Amino acid sequence: LWVPIDVTKERLQIQNSYQGSAYRGSWDAMRTVLKYEGLGGIYKGYGSTLASFGPYSALMFAFYENFKSIAQRTYGPGDLPVAANLMTGASAACLAALLTNPLDMVKLRLQIQRRKFSSADVAKDYNY
């Protein structure tokens, strides 16, 4: 469910306001992609989404556990204060995102690719 929403969001974000909009909104973008690119168009980047989610999750949890153990050495055994939990979680997520950003860029590039049209008129009519 998330990939079609993500594809729609990315397509809307890259519209060029100087050349006119290809889409009039979220539903129009989804309908247009489905009409001209089919179901495969709305699920572009699905494989790369799965491929990037695994490494991100693994790194995030590994960093979190590492940072949490460092914080527990500082605060002692038991539950960490809320601020320490927030810092360990935020630090782990930032570092994991930084390291998996190239995978996310591949996903983004795949999602914004448009199908090649055989008719120039169709592409011109829809700024596609």
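The values are calculated or read from the model by the stated rules, or taken from the named source; none is laboratory data. Note that this is a predicted model, so its numbers are computed, not measured. Glycine also receives a Cβ, built like all others from the backbone with ideal geometry; neighbour counts cover every protein chain displayed. The accessibility values were calculated without ligands, DNA or RNA, using every heavy atom of the protein model including side chains. Shrake-Rupley method; radii C 1.70, N 1.55, O 1.52, S 1.80 Å.
Would it be correct to say that Leu80 is surrounded by 14 or more Cβ atoms within 10 Å (Cβ to Cβ), without any contact (Cβ under 8 Å) to a residue 24 or more places away in the chain and within 20 Å of Leu110 (Cα to Cα)? If you could, list the steps in order and put the result at the bottom.
Working: surrounded by 14 or more Cβ atoms within 10 Å (Cβ to Cβ): yes; without any contact (Cβ under 8 Å) to a residue 24 or more places away in the chain: yes; within 20 Å of Leu110 (Cα to Cα): no.
No.
To keep it simple, each residue is scored yes or no on (1) under 24 Å from Glu10 (Cα atoms); (2) open to solvent by less than 60 Å² (accessible area, probe 1.4 Å); (3) at pLDDT below 95; (4) of a type in the set (A, V, I, L, M, F, W, C).
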position	(1), (2), (3), (4)
Tyr43	yes, no, yes, no
Thr49	yes, yes, yes, no
Phe53	yes, no, yes, yes
Tyr75	no, no, yes, no
Ala90	no, yes, no, yes
Leu108	yes, yes, yes, yes
Ile112	yes, yes, yes, yes
Lys124	yes, no, yes, no
Asn127	yes, no, yes, no
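Could you run through the range 21-59 and say how many residues are closer than 17 Å to Leu108 by Cβ and aromatic (Phe, Trp, Tyr)?
Counting residues in the range 21-59 that are closer than 17 Å to Leu108 by Cβ and aromatic (Phe, Trp, Tyr) gives 4.
Which condition from (1) modelled with pLDDT of 95 or more; (2) open to solvent by less than 80 Å² (accessible area, probe 1.4 Å) is the one that Phe61 breaks?
Unmet condition: (2).
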